[in-house]
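Please read the structure below before turning to the comments.
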């Protein structure tokens, strides 16, 4: 058996590693774009199963409609704001930064939306709760300033809309409420 040089062994190893990596990446890409067949146990599960929980989420189209309605309401009053819509779990679904909105406004809008959905209450109401529990403001990802409104279905929060950038929280919250109202149309 012929002994390969160090250079040849290193080069061969690199080619093999690249081929394996490409194959793995291709398999992962294929799995990401093509849903795999559901396991048999998942196929048999139904909504009566006590191990399952259903939840309601806004579609991207509904979240975009609400965000655009809030942005339009602000534009009518010549306010430059950003709007964010988060789902029930606080994940950002849509963020719109209006023309001329400040650089801090997108992040503030997300935090207001997250705060509103987390407590199922407008953030202006939550600001009042800080008097009794000032440490609430230390919870990561929250912002206790007016401008966030929850989106509710049968009284339960399914999303939050946050607006930031107007000169007052009252205006921000008015625009967030316009976004919530657009979902009822």
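Using a 7 Å offset from Cα along Cα-Cβ at residue 170, what residues in region 91-133 end up with backbone N under 19 Å from the label point?
From region 91-133, the list is 122-129.
Under the 0.36 nm per residue contour assumption, what length would be gained going from the current alpha-carbon distance of residue 61 and residue 156 to full extension? List each step's numbers first, then the result.
Values: separation 95, 0.36 × 95 = 34.20 nm, distance 2.04 nm.
Extra length available between residue 61 and residue 156 comes to 32.2 nm.
Quote the FRET efficiency, to the nearest 0.05, computed for residue 128 versus residue 107 with a Förster distance R0 of 25 Å and r equal to the Cβ-Cβ distance. Please list the in-between numbers first.
Values: r = 23 Å, r/R0 = 0.94.
Once rounded, the FRET efficiency stands at 0.60.
Give the calculated FRET efficiency between residue 99 and residue 51 to the nearest 0.05, with a Förster radius of 41 Å applied to their Cβ-Cβ distance. All intermediate terms of the calculation are to be shown ahead of the outcome.
On the way: r = 48 Å, r/R0 = 1.18.
Efficiency, rounded to the nearest 0.05: 0.25.
In Å and whole numbers, how far do the C-alpha atoms of region 60-182 stretch along each principal axis, longest first?
37, 31, 20
Coordinate-derived values only; no laboratory data. Quick caveat: nothing in here was measured; it's all calculated off a predicted structure. Glycine also receives a Cβ, built like all others from the backbone with ideal geometry; neighbour counts cover every protein chain displayed.
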